[in-house]
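What follows is a single structure, written as structure tokens, with notes after it.
The values are calculated or read from the model by the stated rules, or taken from the named source; none is laboratory data. What you see is a predicted model, and the numbers here were worked out from it, not measured in a lab. Neighbour counts are summed over all protein chains in view; Cβ atoms, including those assigned to glycine, are modelled from backbone coordinates with ideal geometry. Just the protein is used for accessible areas: all its heavy atoms, side chains included, with ligands, DNA and RNA removed. Shrake-Rupley method; radii C 1.70, N 1.55, O 1.52, S 1.80 Å.
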Amino acid sequence: MIHLNPLQSFYSIIKHKPTLPRWTIFIIDLGLCAFALFYAYLLRFNMDFFSAYHFGFGFPILVVTLLNIIAFKVLRTSEGIIRLSGAQEGLRVVTAVFVTTFFLFLSNLIGAAFDFSFLIPTSVLFIYFFTASFLLFSYRLLVKQLYNQSLKAKLNKENVLILGKADNALMLKTAIESIDSRQYNVTGMLVGDKKLWGKTINNARLFGFDQMEHFVIKNNIKEIFVSSDESDIELKNQVADYCLSKDISMKVIPAIDKWVGGQLRKRHLKNLKIEDLLGRPAIEMAPDHIRESLKGKRILVTGAAGSIGSEIVKQLARIDIEMIILCDNRETGLYDLQYELQEITCGKNIVVSVSDVRNYELMNHLFEKYKPEIVFHAAAYKHVPLMEMHPCQAVNNNVLGTKNVADLSVLYGVERFVFISTDKAVNPTNVMGASKRIAEMYVAELQDSQSKIVENYKGNFDLSMQVYLNSREGKTKFITTRFGNVLGSNGSVIPRFTKQIERGGPITVTHPEITRYFMTIPEACSLVLEAGTMGHGGEIFVFDMGEPVNISDLACRMVKLSGMTPNLEIKIEYSGLRPGEKLYEELLNKEEEVMPTYHHKIMISKVKQERPKTFNEDLTKLIILAEKNNNVSLVKKMKNIVLEYRSQNSEFEKLDMDRNEENKLFLDNEINILL
């Protein structure tokens with residue numbers, strides 16, 4: 001036979017007791033208020049019962065009870081479930097008591113004006129209000145606390161640690177220890193600020209990483225909670241590596257505004273993901289400077305439905321601009337983005353255009369109708385293996401599409417054209433990278449020869465367009481941003497690894513030594529917006545992307561974070577480099593120099609390699625070859641334009657054998673035959 005102690009028996013009764021009926025709660029509230037008034041009289045007469053009795057408190061208690069019946073009915077104080085009540089329920093009963101007290105106080109004022117005797121002395125009313133409020137609020141809080149304790153009565157207390165900022169320590173500790181389904185005891189908090197080490201917050205000691213093993217062993221820690229606002233990536237990675245080696249679980253606590261009803265629930269906790277460890281510290285840009293520069297502008301974003309384009313649009317939607325023009329040929333993506341923008345645009349003028357940057361006439365109509373003042377060109381094909389199979393499509397989209405939008409920017413007097421490039425354009429080894437490098441070169445060419453574009457196209461427009469062109473002053477500033485992989489983007493390696501782990505493996509990595517740079521999407525877009533305000537024209541902005549990440553190590557960590565063992569439960573297989581793929585990505589060409597800017601994470605690359613004198617002619621021939629769908633001749637032409645382009649793991653490697661003037665002349669003759 002199992003014997004329970006009195007406290008466990010009480011917890012058991014509360015846990016299994018059905019919800020009390022409303023009339024019971026109603027009577028309890030009335031009884032507490034009556035007792036509060038009786039206590040107020042006793043306190044008024046220095047706890048002398050006979051003096052209070054002779055003064056008379058029976059009739060006042062009856063009057064107060066009748067008034068409370070009305071107030072409690074009107075404010076519905078008994079409708080809430082006591083054991084689940086929150087601050088709003090407590091505020092409601094306090095309001096009811098206040099209404100009753102105020103009515104009696106008002107009657108005292110009227111009585112004083114007409115020389116009537118007071119029903120209840122004012123001093124007693126004040127004592128009554130605070131006493132009744134305290135009793136009603138406290139008994140609800142007590143019942144709730146006892147109920148929570150009853151849920152945890154049979155749970156073993158589990159010691160845990162928190163990784164986060166000391167500013168939120170007390171709130172996080174309280175929230176974790178109040179989770180219903182587990183009985184956690186926060187014994188310590190890991191912080192990066194050395195000045196706080198050794199101090200305590202509500203019996204939880206603050207300490208550094210060096211003391212972590214001591215705390216883990218001493219308190220038998222099996223779980224660590226990571227605050228989502230912890231921005232020290234290096235510390236987070238140190239803790240994660242230690243936890244993975246010791247089989248300690250790590251849970252991420254979401255931001256406070258994500259908690260339902262201001263309370264942390266177990267379902268809010270998520271397993272630590274690799275993105276949490278690759279995320280970089282937030283870049284402190286100059287938001288006021290950006291807002292002022294973009295305020296009141298009409299802004300066109302191409303590729304608006306993509307990973308980068310959509311984030312640029314979302315950040316622009318929070319700025320006081322006149323119009324955002326969303327351009328993409330993916331109608332589903334545009335529809336989803338338009339729906340999402342409804343929550344943050346606050347009535348801004350959002351124009352959605354299902355358009356293709358390769359269609360010059362369509363883009364011309366877009367420019368003529370909306371007359372954008374700033375263009376962010378994010379539209380591009382970016383998947384290396386696919387573009388290696390379809391070079392003509394890569395050139396059509398990445399080169400011709402960029403040329404169309406850039407030319408129209410000049411013709412319509414756009415103030416700034418921000419081109420979003422890639423680190424794969426540096427010493428390209430694939431068609432995609434080479435196409436983006438050619439687009440970079442064309443954008444740089446336009447910075448120096450915009451007048452030629454106007455003369456070439458001027459005759460194609462009617463008189464009103466010429467008037468508009470003549471009314472514009474100044475040149476378009478062409479600015480290029482160059483960065484690496486972004487976390488969570490379409491086609492990113494991390495979502496692919498996640499799906500492979502969910503299927504039980506194997507994870508396929510192309511090469512044991514392959515590395516990549518990573519950055520977050522908001523971070524990349526902050527750079528793009530900053531470049532749009534910082535640039536004077538002709539620059540290539542390069543972002544400090546930190547240290548490169550070994551993809552094989554990345555795969556191993558993702559497997560460990562999922563609770564499994566690499567190469568035992570989830571195998572890691574090496575498939576070999578894909579067509580056009582590099583082992584190591586570069587952000588700078590050896591021929592380029594780097595200059596600092598006012599932001600320590602943004603640098604300017606000045607390309608020293610001169611463009612061929614026949615660059616514009618070569619570009620025209622390249623576009624013709626793309627239209628003719630002649631892959632081999634097209635790649636030959638790309639290699640003649642981008643001299644540093646050397647194919648790797650590709651069928652086009654053989655073309656690198658013939659890179660002389662004779663080959664170029666032969667290629668020109670081949671193009672003439674096609675024409």
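For segment 521-543, check the following and say yes or no: at least one residue is in a loop (DSSP other than H, G, I, E, B), touching a residue at least 60 places away in the same chain (Cβ under 8 Å) and charged (D, E, K, R).
Yes; the residues of segment 521-543 include at least one that is in a loop (DSSP other than H, G, I, E, B), touching a residue at least 60 places away in the same chain (Cβ under 8 Å) and charged (D, E, K, R).
In segment 179-197, which residues are without any contact (Cβ under 8 Å) to a residue 24 or more places away in the chain and either acidic (Asp, Glu) or under 19 Å from residue 239 (Cβ atoms) (or both)?
Once the filter is applied, which keeps residues that are without any contact (Cβ under 8 Å) to a residue 24 or more places away in the chain and either acidic (Asp, Glu) or under 19 Å from residue 239 (Cβ atoms) (or both), segment 179-197 yields 194, 197.
For segment 378-433, which residues satisfy the criterion of being polar (S, T, N, Q) and in a helix (DSSP H, G or I)?
393, 396, 397, 398, 402, 404, 409
Which condition breaks for residue 580 when tested against (1) open to solvent by less than 10 Å² (accessible area, probe 1.4 Å); (2) in contact with a helix residue (DSSP H, G or I) (Cβ under 6 Å, 6 or more places away or on another chain); (3) at pLDDT 85 or above?
Checking residue 580 against (1) open to solvent by less than 10 Å² (accessible area, probe 1.4 Å); (2) in contact with a helix residue (DSSP H, G or I) (Cβ under 6 Å, 6 or more places away or on another chain); (3) at pLDDT 85 or above, the one that fails is (3).
Taking segment 236-251 as the search range and keeping residues that are free of Cβ contacts under 8 Å to residues at least 24 places away in the same chain and over 26 Å from the mean Cα position of the chain (by Cα), which one is least open to solvent (accessible area, probe 1.4 Å)?
Result: 245.
Here is a list: 325, 350, 321, 344. Which entry is over 16 Å from residue 521 (Cα atoms) and either in contact (Cβ under 8 Å) with a residue 40 or more places away in the chain or in contact with a Gly (Cβ under 6 Å, 6 or more places away or on another chain) (or both)?
The match here is 325.
Go through (1) free of Cβ contacts under 8 Å to residues at least 40 places away in the same chain; (2) assigned to a helix (DSSP H, G or I) and name the single condition residue 309 misses.
(1)
Quick grid of which residues meet (1) among the aliphatic types (A, V, I, L, M); (2) open to solvent by 70 Å² or more (accessible area, probe 1.4 Å):
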residue: 329; (1), (2): no, yes
residue: 340; (1), (2): no, yes
residue: 344; (1), (2): yes, no
residue: 357; (1), (2): yes, no
residue: 360; (1), (2): no, no
residue: 364; (1), (2): no, no
residue: 369; (1), (2): no, yes
residue: 373; (1), (2): no, no
residue: 381; (1), (2): no, yes
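Out of segment 171-197, which residues are more than 13 Å from residue 158 (Cα to Cα), touching a strand residue (DSSP E or B) at 6+ places or on another chain (Cβ under 7 Å) and not β-branched (Val, Ile, Thr)?
Within segment 171-197, 172, 173, 189, 190, 196, 197 meet the criteria.
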